[in-house]
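Notes follow the structure.
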Amino acid sequence: MEGNVAHRIGSRFAWMSRFLGRRTDVEVPAFLVSMAIHGFLLVGLALASYQVHRESQREFSSDMPSDSILSDSTYQDLDQPVEPPAAAPAAGSFAPELASTVTSATSSSRAIAPSQDATGALDLVKLDVQRATDVVVPTARLLGQAVSIQGDGAEFVGEVEGAVDRIAIEIVHRLQQGRTLVVWAFDASGSLQAERARLAKHIDTIYTHVLKMDDSQLASDEGLLTMVVSFGKDRKALLPRPTADKAAIQSAIAAVPLDQTGIESTFTTVADIAKTWGHYRDTRNQVYHTMIIVVTDEVGDDENRLEEAIAFAQKSKTPVYVLGSQALFGTVEGHMDYTDPKTKQVYHNLPVRLGPESAMIEEIRLPFWYGGPQYDVIESGFGPYALSRLASATGGIYFVTRFDKQRMGFDPARMREYKPDWIRFDKYTEKINHSPLRQAIVNAALITQQKLPGMPPLSFPPIDTPAFKEAMANGQATAERTAYTVDEALVPINAAAKLRDHETSRRWQAHYDLIRGRLLAMKVRCYEYNWACARMKKDPLKFTNAKSNAWRLVPDTAIQYSENAAKVAREAEALLKRVVDEHPVTPWSLLAQRELKNPLGFKWVETYVAPPRRESAAEAAKKKKANPPSKPPELPKL
């Protein structure tokens, strides 16, 4: 096809050369001949590009090849025969039996073989999935719309002290355009109280640095004024009018009233400031260029007013700078400790909204098995979407300050090539809709946002005890519950597999490889767990050590279920290693390394578990008396 188009272009090019080179009564200038030839050439190339694009679109919309791995995955397709499974498996089959409540929930599920009778085959009870969790699993058809960002990314300045010089530089840059009004907008919530106190001490340093860099003395004669505003549920100006008095500025910041509503009207505040002081004139009718500096550690509760705030700031040519925390990678809610300033009581793990860094969640939520960190909280190297968009769209900067030293973070300079799309919501949605691969990623991410039950039990009592069957049933139900959600998420991911190499964004490449690798790895783990349990019930192992009283499943490199399962395991590991190699020192490589920490198979080992000490009735009564039940304290709202 490309050859035919090239031939047609060449023919037209030759024709134009002959036509324009032919002698006529009017001499044609050489530069006009050149322009005409190049014009026809560009038109021809455009036609060729359009034709190639049409062909590629047809290729992208084609069905997955029949031999593609897990192209229509269900829980039993790792070893799916060509023909539908028989009503009853042959003796020795280890196909796990699934609960009917699960298999009927998705149209992609195939018929599942029932458990075998007492003729020597596996005795697998139906898995009670509802016992593992009551969360309803969404399907791809129910996925909703989401949100969106733009700019060069965040700038890391460490703690509040590190922002002093950068803020001073930005103020001086603004002064070079004329008289400047700096409006500080402080989040009045309790979670930021310590940072406000620290920043109040450094205000003098900031303005001292401004004067040192102000060689032309632009700030003199009230060339630089300041206003201080606090915001929570409501907004309040803490100075009667903009001032150049540093002592008054410090006192206003120190006097920010504590807001205990837990509501941050961040974007409403920015819009109000832009409307009120965006075109400020002092008592002498002097015009000021305004800049806003927002100090906050949360996203804000009025994101619906983001674009309105941007519009007012752009109209008044008011850049918005933000001093804030790094957003959480691929999640919305984080947690922080808080000390009540009056009672000094410490509250641990209070929920706060810190992310995500992107317009919508673009990463799956999947628990890790075995001991080790879950990485529920990872800082992304960027500010939260809405605040980052606010800063970048108005010509400001999001300054990353570390308000919580306990969270893991990534260098924004290294993360710059993985910057999210900081564009309007409708533009973000449009870009997603035009990319089947990105659409698959956000769909898989949304499917997995439900709370999964975590790792199934790995320790089991002796087979001849009543507790064994219950522990085994609970474990298999947990594994199947996870496998079902994994299968749901794999549907869009598998459908977009052919498009992976057409994606040019480093961020979306990392997303896809990590998501597919983790989903396939978890799928194999669930299979291997269920297979190991089924095998133990069919052919019980015996203790070889007289002291052993329990069995334990430990990770193993051997994949027992089938050769196809082993093939999928190898693909999962290859994808995860690719993420580690191609995206080092990023959240994606961290999560891939955690998934690779343990092999995907299982093996049984015997062990000894000390029986739990039973508390006597007298001890229980004494403990109850010493610790009478009390009403839990009301948690503060941050």
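Read the figures in this text as sums done on the coordinates, not as results from a lab. Because the structure is predicted, anything quoted here is derived from the model rather than measured. All Cβ positions, glycine included, derive from the backbone under ideal geometry; neighbour counts span all protein chains shown.
In what sequence, highest mean first, do 369-379, 502-512 appear when ranked by Cβ atoms within 10 angstrom? Spell out each step's value before the answer.
Numbers: 369-379: 15.2, 502-512: 18.2.
Going by the mean number of other Cβ atoms within 10 Å, highest first, we get 502-512, 369-379.
Suppose R0 equals 56 Å. What FRET efficiency, 1/(1 + (r/R0)^6) with r the Cβ-Cβ distance, do residue 208 and residue 344 give to the nearest 0.05? Could you put the intermediate results ahead of the total?
Working: r = 34 Å, r/R0 = 0.60.
With a Förster radius of 56 Å, E is 0.95.
Amide H of residue 335 versus every other amide H placed in the peptide plane: which residues, excluding those fewer than 5 positions away on the same chain, fall under 5 Å?
Here the answer is 352, since their amide H atoms fall under 5 Å of that of residue 335.
Based only on other Cβ atoms within 10 Å, what is the fewest-to-most ordering of 235, 518, 389? Don't skip to the answer; put the middle values down first.
On the way: 235 18, 518 25, 389 30.
Arranged by neighbour count, lowest to highest, 235, 518, 389 become 235, 518, 389.
Multiplying the sequence separation of residue 609 and residue 469 by 0.36 nm and subtracting their Cα-Cα distance, what value in nm do you get? Kindly include the intermediate steps, with their values, before the conclusion.
Values: separation 140, 0.36 × 140 = 50.40 nm, distance 1.79 nm.
Between residue 609 and residue 469, full extension yields 48.6 nm more.
Along the Cα-to-Cβ line of residue 233, 7 Å from the Cα, sits a label point; which residues in the stretch 285-315 have backbone N less than 16 Å from it?
Counting backbone N atoms under 16 Å from the label point, the list is 301-302.
How much length is gained on full extension from residue 623 to residue 304, taking 0.36 nm per residue of separation minus their Cα-Cα distance? Don't skip to the end; give the middle numbers.
On the way: separation 319, 0.36 × 319 = 114.84 nm, distance 5.12 nm.
Working it through step by step, the gained length comes to 109.7 nm.
Once both labels are modelled 7 Å past Cα along the beta-carbon direction, what's the residue 539-residue 169 spacing in nm?
So the two model labels end up 6.9 nm from each other.
Restricting things to Cα coordinates, could you compute the convex hull volume per residue of the stretch 383-461 in Å³?
That works out to 184 Å³ per residue.
Taking amide hydrogens as modeled 1.01 Å from N in the peptide plane, which residues meet the under 5 Å criterion relative to residue 377, leaving out close sequence neighbours?
none
What pairs in 498/567; 233/342; 419/451 have C-alpha atoms more than 25 Å from each other? Don't skip to the end; give the middle numbers.
Values: 498/567 18 Å; 233/342 21 Å; 419/451 28 Å.
In this structure, 419/451 exceed 25 Å between Cα atoms.
Using the count of nearby Cβ atoms within 10 Å as a rough guide to exposure, how do 524, 164, 352, 256 rank from fewest to most? Mind showing how you got there, number by number?
Details: 524 27, 164 18, 352 21, 256 24.
Final ranking by Cβ density, sparse to dense: 164, 352, 256, 524.
With a 10 Å Cβ neighbour count serving as the proxy for reagent exposure, in which order, fewest first, do 491, 554 appear? It would help to have the intermediate numbers written out before the result.
Numbers: 491 21, 554 14.
Lowest to highest Cβ neighbour count: 554, 491.
Is the stretch 421-547 rounded, prolate or oblate when judged by the Cα gyration tensor, a ≥ b ≥ c being the square roots of its eigenvalues, rounded requiring a/c under 1.5 and prolate requiring a/b larger than b/c? Can you show the working numbers first?
Working: a/c = 3.89, a/b = 3.01, b/c = 1.29.
Since a/c reaches 1.5 and a/b is larger than b/c, the shape of the stretch 421-547 is classed as prolate.
Subtracting the Cα-Cα distance from 0.36 nm times the residue separation, let me have the gained length for residue 284 to residue 215 in nm, one decimal. Mind dumping the intermediate values first?
Values: separation 69, 0.36 × 69 = 24.84 nm, distance 2.44 nm.
Taking residue 284 through residue 215 to full extension adds about 22.4 nm, to one decimal.
Is the shape of the stretch 223-363 rounded, prolate or oblate, going by the alpha carbon gyration tensor and its root eigenvalues a ≥ b ≥ c, with a/c under 1.5 for rounded and a/b larger than b/c for prolate? Before the final figure, lay out the partial values.
Numbers: a/c = 2.63, a/b = 1.40, b/c = 1.88.
Since a/c reaches 1.5 but b/c is at least a/b, the shape of the stretch 223-363 is classed as oblate.
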